[in-house]
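Participant: One structure, as structure tokens, below. Some questions next.
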Amino acid sequence: MTATLSIDAVMALAPVIPVLVIDDVRQAAPLAEALVAGGICALEVTLRTPAALEAITEMASVPGAVVGAGTVLNGAQLDAAMKAGARFIVSPGLTEGLARSAANSGAPLLPGVQTATDIMHGLDLGLERFKFFPAESSGGAAALKALTGPFGGVKFCPTGGITPETAPHYLAIPQVVSVGGSWLAPRDAVAAGAWARISALARAASDLKGM
Ligand code: 3PG
């Protein structure tokens with residue numbers, strides 16, 4: 001039986017949570033191994049491909065990997081992802097239905113927010129950890145820094161358009177625990193099985209710090 005991690009613990013595993021799109025389930029285990037070898041352990045598999053749920057199950061058996069599901073839009077998808085072996089749930093937004101499903105099943109949830117009103121809605125639902133999404137096109141690190149002011153106890157994982165160059169600006173904000181990004185596993189590298197390249201990208205990401 002795998003231990004349940006809090007969303008805080010998941011966010012703190014590494015400075016970057018890779019956002020993964022998996023086309024072929026045979027890519028899943030070697031991709032997880034490559035990322036874990038580079039020090040990146042919390043892995044978000046997006047429910048955007050038919051292979052996603054099976055990929056979560058495959059990756060969950062890789063030692064050291066803590067696999068979650070991303071692009072989770074409703075309670076039914078949350079339940080399917082948890083059944084497949086996901087240990088955390090990421091959503092681009094926040095609905096009461098999703099928050100209720102997460103509370104009922106005990107799934108650690110990282111829902112997307114973009115505005116102060118979104119954050120207040122989340123707080124009303126008992127949530128205090130959010131994905132700031134889409135980070136770069138919502139004003140980037142400067143916008144997030146301004147948003148953190150009124151919400152002292154809230155912590156964030158900004159995601160959306162973040163690069164190795166911009167990540168340190170977000171990580172310098174005290175309320176940012178980690179950032180999300182797809183750059184660690186470029187789709188062409190995954191398709192080509194370029195695992196050493198992905199491990200190197202992961203290693204560089206695990207060394208990222210705020211500046
Ligand atoms: C997403 O597609 O969920 C996020 O935007 C992460 O991808 P990106 O790092 O390519 O923006």
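Participant: Counting only residues that are over 26 Å from GLY39 (Cβ atoms), more than 16 Å from the ligand (Cβ to nearest atom) and not in a helix (DSSP H, G or I), how many does the range 53-103 have?
Facilitator: Looking only at that region, the number is 2.
Participant: Residues of the range 87-104 being under 16 Å from LEU73 (Cβ atoms) and either surrounded by 15 or more Cβ atoms within 10 Å (Cβ to Cβ) or among the aliphatic types (A, V, I, L, M) (or both), which ones?
Facilitator: Selection gives PHE88, ILE89, VAL90, SER91, PRO92, LEU94, THR95, LEU98, ALA99, SER101, ALA102.
Participant: Looking at VAL113, VAL67, VAL72 in this structure, which one is closer than 17 Å to ALA28 by Cβ, free of Cβ contacts under 8 Å to residues at least 60 places away in the same chain and β-branched (Val, Ile, Thr)?
Facilitator: Among VAL113, VAL67, VAL72, only VAL67 is closer than 17 Å to ALA28 by Cβ, free of Cβ contacts under 8 Å to residues at least 60 places away in the same chain and β-branched (Val, Ile, Thr).
Participant: Here's something else I'd like to know. Which one is surrounded by the fewest Cβ atoms within 10 Å (Cβ to Cβ) among residues in the range 153-175 that are among the aliphatic types (A, V, I, L, M) and closer than 11 Å to VAL16 by Cα?
Facilitator: The selected residue is LEU171.
Participant: Let me ask you something else. Inspect the range 28-50 for any residue being among the acidic types (Asp, Glu), farther than 15 Å from LEU109 by Cα, in contact with a helix residue (DSSP H, G or I) (Cβ under 6 Å, 6 or more places away or on another chain) and at pLDDT 95 or above and give the result as yes or no.
Facilitator: Scanning the range 28-50 turns up no residue that is among the acidic types (Asp, Glu), farther than 15 Å from LEU109 by Cα, in contact with a helix residue (DSSP H, G or I) (Cβ under 6 Å, 6 or more places away or on another chain) and at pLDDT 95 or above.
Participant: Shifting gears a bit: For the range 104-135, give me each residue that is within 16 Å of the ligand (Cβ to nearest atom) and of a type in the set (Lys, Arg).
Facilitator: Matches in the range 104-135: LYS131 only.
Participant: Kindly provide the set of residues from the range 176-188 that are of a type in the set (Ser, Thr, Tyr) and either buried (at least 24 other Cβ atoms within 10 Å of the Cβ) or touching a helix residue (DSSP H, G or I) at 6+ places or on another chain (Cβ under 9 Å) (or both), ordered by number.
Facilitator: Hit for the range 176-188 is SER178, nothing else.
Participant: To continue, here is another question. Please work out which residue is farthest from the ligand (Cβ to nearest atom), limiting yourself to the range 142-187 and to residues that are basic (Lys, Arg) and within 18 Å of the chain's Cα centre (by Cα). Reasoning before the result, please.
Facilitator: The initial filter retains those residues of the range 142-187 that are basic (Lys, Arg), namely 145, 155, 187.
Imposing the further condition that a residue be within 18 Å of the chain's Cα centre (by Cα) reduces the set to 155, 187.
Working: LYS155: 19, ARG187: 10 Å.
Of everything passing the filter in the range 142-187, LYS155 is farthest from the ligand (Cβ to nearest atom).
Participant: LEU127 passes all but one of (1) assigned to a strand (DSSP E or B); (2) within 21 Å of THR4 (Cβ to Cβ); which number fails?
Facilitator: All conditions are met except number (1).
The values are calculated or read from the model by the stated rules, or taken from the named source; none is laboratory data. Keep in mind the model is a prediction, meaning the values are calculated, not measured. Because the Cβ atoms are built from the backbone with ideal geometry, glycine has one as well, and the counts that use them run over all protein chains shown.
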